[in-house]
Protein chains: 4
Amino acid sequence: MTTAVSPISPAGRLRAALGDATSSRLPVQAIGAVNAMAARVAAEAGFDALWVSGLEVSAACGLPDENLLGSRDLADVVTSLRRVTDLPVIVDVDNAAGTGPSAARYGFDLLTAGAAAVCLEDSRYPKCNSFSEHRAQGLADTAAVCEQIKELRAAAPELLLIARTETLICGGSMDDALARAELYEAAGADAVLPHSKDISGREALEAARRWGGVPLVTVPTAFPHLDRRLLGEAGFRLAIYANQLSRAALAAMRGAAGAFRATGAFRADQLAGVQDLMRVAAPDARACL
Amino acid sequence: MTTAVSPISPAGRLRAALGDATSSRLPVQAIGAVNAMAARVAAEAGFDALWVSGLEVSAACGLPDENLLGSRDLADVVTSLRRVTDLPVIVDVDNAAGTGPSAARYGFDLLTAGAAAVCLEDSRYPKCNSFSEHRAQGLADTAAVCEQIKELRAAAPELLLIARTETLICGGSMDDALARAELYEAAGADAVLPHSKDISGREALEAARRWGGVPLVTVPTAFPHLDRRLLGEAGFRLAIYANQLSRAALAAMRGAAGAFRATGAFRADQLAGVQDLMRVAAPDARACL
Amino acid sequence: MTTAVSPISPAGRLRAALGDATSSRLPVQAIGAVNAMAARVAAEAGFDALWVSGLEVSAACGLPDENLLGSRDLADVVTSLRRVTDLPVIVDVDNAAGTGPSAARYGFDLLTAGAAAVCLEDSRYPKCNSFSEHRAQGLADTAAVCEQIKELRAAAPELLLIARTETLICGGSMDDALARAELYEAAGADAVLPHSKDISGREALEAARRWGGVPLVTVPTAFPHLDRRLLGEAGFRLAIYANQLSRAALAAMRGAAGAFRATGAFRADQLAGVQDLMRVAAPDARACL
Amino acid sequence: MTTAVSPISPAGRLRAALGDATSSRLPVQAIGAVNAMAARVAAEAGFDALWVSGLEVSAACGLPDENLLGSRDLADVVTSLRRVTDLPVIVDVDNAAGTGPSAARYGFDLLTAGAAAVCLEDSRYPKCNSFSEHRAQGLADTAAVCEQIKELRAAAPELLLIARTETLICGGSMDDALARAELYEAAGADAVLPHSKDISGREALEAARRWGGVPLVTVPTAFPHLDRRLLGEAGFRLAIYANQLSRAALAAMRGAAGAFRATGAFRADQLAGVQDLMRVAAPDARACL
């Protein structure tokens, strides 16, 4: 809890950063942070914002990524992140449980917790993960999504609201995806995210080429070869690296546990120090080990 | 949420495992798990139990390790872990906020959350981390600790109660440490943990040689060269690897973020797959990436 | 936190009480308790069980009764109630957010919190209050409800599961209501509740006359003139007084605040003592006022 | 969740109200609200602010009033209150668990939850209720309290900070009470509260006569005959009615439950309607009952 309170609201700072990104043609870079350890790492590495990922938080909570996270699960994460950094926090609320009143609760609770932005997607309730092969995902009616946008905005006017369409993920056309994005902008979204799992990245680039509205957001999980400069020149103003830190952590924990199983001891070179752990929240801590 | 409910209580299974450890002279092995991802890793690697570490949870919450975690912070972690594994969960409650009624609340809340055991230490409130160089740590009066043991047991009779003495950490003598352990056993502790930061491990081994009471527990952070067989032959029945998974995760997240900063991209070989993340809570999940 | 842990599980005690009610033809009486104050009152007055009401908890949380309560909102209430009484706690989970995985989360989280039973209703997601005039409420497909029953049971096998049908509330026929109840019993429900808003009580009595399956439950909000003996002879084994304590509290708080506004002072004869408030959780407390 | 977000911060509005109270010589009136039902009643009755009482919240949670409430217990209440009213919320943090870092956590968490103010008292950890006859209560060292004030302010600069001294409660002199209040003002408190259990009210009036610093606050539980005008002329700027609504609710719930036990039915004239309960959070709700 070392953060001084900033004079500008979290949402205000994120809006300003999106403005700068328009001038510089270099997108704001947000990274998924599932707890304060990840937030500390993100801040040290110079990321501009944090992303509270439905997939990451579901995994941390031991829940499948199927519309099970409530606003309190997410708000607790936001509070933890904000204790160690004042980077603006963007929260993935999935479809916000699919109703207007539920969107209002997510908005109110997350604004209360200090979030700068929420990202609301148009998957039909109940959703499954965008990259899941298991189950067909449908899209919600646009009228219902627009109603959610309006109720969320009314309950949390200060939040920056990113509307994400799963049209392309669900096999819809680019025309449909952009038409949905336009409706969401008209309903009050501050930014739009036409999500894509096209690993070539062409789909994302085409969406950017054809879009002329509010700032454009991307989650390049499926097309990591599009780097910051390319994304920025294409027109994206915010790039969200949604789950890489948890994936690095998971791989490393498996490696460490595996080494222990194989040899009866952890490998010191694979572990940060006890002092590093202390310093996540207490930068001046010193350990005797 | 794939776990079938076991017919035996978590505490009952942990007691049985401690009994087996006495016969086999191979200690039960518990590992710190700060969320369900770590719990999944621990279960896969064959650990016998999970440890909810004050240091790890503090770091995850963005709080310094200074007696700031309440029972709800810890109970939320226990619930998350239990969603993906039925390994017994041992919770580090530090000094349980130093009073009898506060110990009762920790006990009741953590038994409610499904914990198998709590570990109560005799640091004087407020405590700091055992390995911190910053601040002198005092010991609580033994009468107050025994009162806490009794109130905790009354509030949560089923919990296995490990009493940890910080005598050696605070510069006290082995005689004093063992005298405290005896008092705590007499007050109702089911196991004792004379904590040590002696990196040679000799202190731990001497404590084990001289102890003849309830099962003995160790946290070998400072003496990792004492392996399972050595610890078991010395007389330990439970070895707690308190924070290695978070330290592995922290190092790996830093590595991944550093690679991204240096090159503009994450290194795929450092990351688990999206599917691996899904499978933490949904073992059959399949991703298209 | 004065409760000794009982040797029998909460669900076990509730099952036993339902069995006794069958012999005695006097239904188990549960009353809505929104916090530990209400639980203390309920225990003093000799009620047999507590009900965690969606309407009451929504009001306490400041949320409309429209499917907005998550499992954590409800679990917190269960934990508070259990701190002052060991009466079995029955939790109103509404439609459990309408999906199988969401029902599993409610079941797991509420069993963890120490609930004895949950009551799952077959309103279509999103639901509104059964007595609301505002909005048409639909019924969920029976297949989806049965799937929820199965997932809830799998995630929380020990919980007693009450299936509530809103058929009559939604204008459906008695035949349809009983057919749904039979399907839910076949899917694994331990008891059924055909909810009715018929203020004459005839609908409830007809349901009872025609039912021959698992124990029958009633919430006689709309027909309070049917007393315990009448309900028992009709065949009900559990009567839930869902929200009367909150309604008494609300009326009294209004009265007290109104008196203060009118006269500048509270009326002592309308207030319990400070000591009474202390004794909710500490029966021996004494105040000097 | 009907509240529009106000352009001014909660703390700013409370500061403005205290300023008005200085001109008008009529103190701001705050009333204890343990949940959103009470908050709705308080708003309807024209109170200016809400008080989150340690005693009331402890009773609602089923915990003795002995320093057991964590910041999350209190923050949840703040969030519930704010869903139905934008009255500024003042939170009783007792001694904030007695340390500087713990005071910082309370401050950060409660500012996050949307509190306008906190009230920090100088009882020695662990505290008991001010009106308890059971246990001797000591005072904390002033240096420790001043350190808490500074850490709380640093962690939550926007919060209005009320410092409460228990000197008179603990049998100390008026000189000592006022000297402590001066130290707390010098350390950064925005207002001071010299708590008194003198039922004549003379002690409170003397404190007010002799005080010349930051705005003065009173909790007139023990001297309700001092009305708003008298308190204002004496010099108080904020009067907190700490627990009357819970006491009214407790008495009424007992009355309702007693009537049911005696007659087998609730008395309709003692109960608010189902519709009233719905309207706590949804002012336009209509019930068919």
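The values are calculated or read from the model by the stated rules, or taken from the named source; none is laboratory data. What you see is a predicted model; the values in this text were computed from it and never measured. Quick reminder, even Gly has a Cβ in these numbers, built from the backbone with ideal geometry, and neighbours come from all protein chains shown.
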Looking only at segment B:52-93, filter to residues that are farther than 23 Å from A:Ala272 by Cα, small (Gly, Ala, Ser) and more than 9 Å from chain A (Cβ to nearest Cβ); which one of those is surrounded by the fewest Cβ atoms within 10 Å (Cβ to Cβ)? B:Gly70
Does C:Ser58 count as polar (S, T, N, Q) and over 20 Å from D:Arg83 (Cβ atoms)? no
When segment D:274-286 is examined, which residues are found to be surrounded by fewer than 19 Cβ atoms within 10 Å (Cβ to Cβ) and facing chain C (nearest Cβ under 7 Å)? D:Arg286
Considering (1) assigned by TED's automatic domain parsing to the domain that holds A:Ala156; (2) in a helix (DSSP H, G or I); (3) crowded, with 20+ Cβ neighbours inside 10 Å, say which one A:Arg237 fails and leave the rest. (2)
Output the residues belonging to segment B:114-142 that are closer than 14 Å to B:Val93 by Cβ, in contact with a strand residue (DSSP E or B) (Cβ under 9 Å, 6 or more places away or on another chain) and more than 14 Å from chain A (Cβ to nearest Cβ). B:Ala115, B:Ala116, B:Ala117, B:Val118, B:Cys119, B:Leu120, B:Glu121, B:Asp122, B:Ser123, B:Ala140
If you go through D:Ala30, D:Ala38, the only one that is assigned to a helix (DSSP H, G or I), within 20 Å of C:Leu277 (Cα to Cα) and within 14 Å of chain C (Cβ to nearest Cβ) is D:Ala38
Checked segment D:143-164 for anything touching a Ser or Thr at 6+ places or on another chain (Cβ under 9 Å), more than 22 Å from D:Gly114 (Cβ to Cβ) and either surrounded by fewer than 21 Cβ atoms within 10 Å (Cβ to Cβ) or within 14 Å of chain C (Cβ to nearest Cβ) (or both); matches are D:Ala144, D:Glu147
When you scan segment C:124-133, do you find a residue that is over 24 Å from C:Ser196 (Cα atoms), touching a residue at least 24 places away in the same chain (Cβ under 8 Å) and outside any loop (DSSP other than H, G, I, E, B), even just one? no
Restricting to segment C:165-191, name every residue that is more than 15 Å from C:Lys150 (Cα to Cα), in contact (Cβ under 8 Å) with a residue 12 or more places away in the chain and not in a helix (DSSP H, G or I). C:Thr165, C:Glu166, C:Thr167, C:Leu168, C:Ile169, C:Cys170, C:Gly172
Quick check on A:Arg228: is it within 10 Å of chain B (Cβ to nearest Cβ), over 30 Å from B:Leu231 (Cβ atoms) and surrounded by fewer than 23 Cβ atoms within 10 Å (Cβ to Cβ)? yes
If we keep just the residues of segment C:82-104 that are aliphatic (A, V, I, L, M) and assigned to a loop (DSSP other than H, G, I, E, B), which is farthest from D:Ala59 (Cα to Cα)? C:Val93
So, in segment C:55-76, of the ones that are charged (D, E, K, R) and part of a helix (DSSP H, G or I), which residue ends up nearest to B:Thr79 (Cα to Cα)? C:Arg72
If we ask which residues in segment A:189-208 are surrounded by fewer than 24 Cβ atoms within 10 Å (Cβ to Cβ), under 18 Å from A:Asn129 (Cβ atoms) and touching a helix residue (DSSP H, G or I) at 6+ places or on another chain (Cβ under 6 Å), their number turns out to be 2
Please specify each residue of segment B:209-232 satisfying the condition of being hydrophobic (A, V, I, L, M, F, W, C), farther than 16 Å from B:Ser130 by Cα and assigned to a helix (DSSP H, G or I). B:Leu230, B:Leu231
Qualifying residues in segment D:41-51 (those that are of a type in the set (A, V, I, L, M) and at the interface with chain C (Cβ under 8 Å from one of its Cβ atoms)) - the one nearest to D:Leu160 (Cα to Cα): D:Ala42
Of those in segment C:261-273 that are at the interface with another protein chain (Cβ under 7 Å from one of its Cβ atoms) and not in a loop (DSSP other than H, G, I, E, B), the residue surrounded by the fewest Cβ atoms within 10 Å (Cβ to Cβ) is C:Arg261
Only listed residue being touching a residue at least 40 places away in the same chain (Cβ under 8 Å) and assigned by TED's automatic domain parsing to the domain that holds C:Leu193, chosen from C:Ala97, C:Ala117: C:Ala117
Subset of segment D:204-225 [within 14 Å of chain C (Cβ to nearest Cβ) and in contact (Cβ under 8 Å) with a residue 24 or more places away in the chain]: D:Val219, D:Thr221, D:Ala222, D:Phe223, D:His225
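The rows are residues; the columns are (1) under 18 Å from the mean Cα position of the chain (by Cα); (2) among the hydroxyl-bearing types (Ser, Thr, Tyr); (3) closer than 30 Å to B:Thr85 by Cβ.
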position	(1), (2), (3)
B:Gly107	yes, no, yes
B:Gly114	yes, no, yes
B:Asp122	yes, no, no
B:Pro126	no, no, no
B:Phe131	yes, no, yes
B:Ala143	no, no, no
B:Arg153	no, no, yes
B:Pro157	no, no, yes
For D:Ser123, state whether it is more than 21 Å from B:Gly62 (Cβ to Cβ), at pLDDT below 95 and crowded, with 20+ Cβ neighbours inside 10 Å. no
Exclusive hit being over 28 Å from A:Gly171 (Cβ atoms) and of a type in the set (Lys, Arg), set A:Arg124, A:Arg40: A:Arg40
Could you list all residues from segment B:242-254 that are more than 15 Å from B:Ile162 (Cβ to Cβ) and either more than 7 Å from chain A (Cβ to nearest Cβ) or outside any helix (DSSP H, G or I) (or both)? B:Asn243
